[in-house]
Amino acid sequence: MTEQHLLGPFVRRFLVEDLIVDRNLSSNTQSSYRDAIRLLFIFIDERHATEPTRVTIEQVDAELVRSFLVYLEDERGNATTTRNQRLAALHSLFRFIARSVPELVEHAAQIHAIPPRRTVTPTMPYLEKHEIDSVIAAPDRKCSQGRRDYALLLFLYNTGARASEAAAISIGDLAIDEVLSVRIVGKGRKIRYCPLWTHTAAELRSLLGARIDGPREAPVFINVRGQRITRYGIHTLVERTIARAAESTPSLTGKRISPHTIRHTTAVHLLRAGVDINTIRAWLGHVSLETTNRYAEIDLETKAEALETCAITDSTDVVDGVPLWREDRNLMSFLVSL
């Protein structure tokens, strides 16, 4: 009889040793992989009456994984991108298993051969200059929360930081005396440095006040309880601000705008200001230049539209509104507990 391997011990090692110690993946990636495995255990328990501690690697074959993916889409209502993320987590888990148990290489390869489903790449949303200006100006700077909101929005636009990156910024990451810059830890723990406008640095100094001389690990952006703001807090802040800004800027009405929209806006405006694509890639912390090139495609479309407009109107006016960038959880419990 062929030896069966319990999956649970490998899951523990995968999540703790491989993801954290060996690969040092971000907490968001760790959480995503953990959630995918939890859902797989739930699916196996419901469909095959096998509790998580008794599931074997051999039981989780390619046919079962395909059934799991169908379950995600048809019963849980997951989008294709989410389905693909869950599959990527299982691919990674079984690559780890194959490295650990050579006799399971072929079994793992069959799972790894399951391809992700094609998706349509969505258009990157971004804001025009007058729209981002309206958004940044919307907070009531007469109150402390408004001043925090203003500085955070300005920081997001200046740096193109992701919400999680901005939330993680600590006082020790800032250089706002002579060389104005910020140290940002991005995806994959990659570090990049972004320059800060003089105005952004001044607003951060004002926001921090006496806190600027506090512990270097203290957060820059805090919530009403004095704790480090979360990325969810930043999403809420942006939603609140957009609703207010839309009162004076009708073009914002009905738009779905998130912190990542501001990141896209930064990239497009950098491109329009003449910053080369490799610099923008480093600025935003993209691993692949292909990701950054999508902004160039957006800008080419914008230029084509502008050219067509000029031809229709036969206008001889010179359009000079291009802004300059530098303006002043047993097993289940274990999974849950991570």
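The values are calculated or read from the model by the stated rules, or taken from the named source; none is laboratory data. Computed from a prediction, not measured in an experiment: that's the story for all the values here. When we count neighbours, we look across all protein chains shown, and the Cβ atoms used for this are built from the backbone with ideal geometry, even at glycine.
Under the condition of being at positive phi and surrounded by fewer than 16 Cβ atoms within 10 Å (Cβ to Cβ), the residues counted in the stretch 137-188 number 1. Within the stretch 207-241, being in a helix (DSSP H, G or I) and within 20 Å of residue 135 (Cα to Cα) holds for 207, 231, 232, 233, 234, 235, 236, 237, 238, 239, 240, 241. Comparison of 117, 86, 76, 147 shows that the only residue that is over 30 Å from residue 266 (Cα atoms) and not assigned by TED's automatic domain parsing to the domain that holds residue 16 is 117.
Filter the stretch 149-184 down to the residues that are in a strand (DSSP E or B) and farther than 16 Å from residue 234 by Cβ and list them by number. Passing the criteria: 174, 175, 181, 183.
Matching residues to (1) closer than 28 Å to residue 18 by Cα; (2) not charged (D, E, K, R):
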{"position": "43", "(1), (2)": "yes, yes"}
{"position": "54", "(1), (2)": "yes, no"}
{"position": "59", "(1), (2)": "yes, yes"}
{"position": "78", "(1), (2)": "yes, yes"}
{"position": "125", "(1), (2)": "no, yes"}
{"position": "131", "(1), (2)": "no, no"}
{"position": "147", "(1), (2)": "no, no"}
{"position": "155", "(1), (2)": "no, yes"}
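Within the bounds of the stretch 84-107, is there any residue that is among the acidic types (Asp, Glu) and closer than 25 Å to residue 6 by Cα? Checking the stretch 84-107: at least one residue is among the acidic types (Asp, Glu) and closer than 25 Å to residue 6 by Cα.
Picking from residues in the stretch 96-130 that are under 30 Å from residue 208 (Cβ atoms) and out of contact with any helix residue (DSSP H, G or I) (no Cβ under 6 Å at 6 or more places or on another chain), the one that is surrounded by the fewest Cβ atoms within 10 Å (Cβ to Cβ) is 130.
A count restricted to the stretch 196-224 and to residues that are surrounded by fewer than 17 Cβ atoms within 10 Å (Cβ to Cβ) and more than 30 Å from residue 31 (Cβ to Cβ) stands at 9. Every test in (1) under 15 Å from residue 244 (Cβ atoms); (2) in contact with a Leu (Cβ under 6 Å, 6 or more places away or on another chain); (3) of a type outside the set (Phe, Trp, Tyr) is passed by residue 151 save one, and that test is (1). Would a scan of the stretch 242-253 turn up a residue that is more than 15 Å from residue 139 (Cα to Cα), touching a helix residue (DSSP H, G or I) at 6+ places or on another chain (Cβ under 7 Å), in a helix (DSSP H, G or I) and not acidic (Asp, Glu)? Yes: the stretch 242-253 contains one or more residues that are more than 15 Å from residue 139 (Cα to Cα), touching a helix residue (DSSP H, G or I) at 6+ places or on another chain (Cβ under 7 Å), in a helix (DSSP H, G or I) and not acidic (Asp, Glu).
In this structure, residue 25 does not qualify as within 18 Å of residue 189 (Cβ to Cβ), at pLDDT 90 or above, assigned by TED's automatic domain parsing to the domain that holds residue 104 and of a type in the set (A, V, I, L, M, F, W, C).
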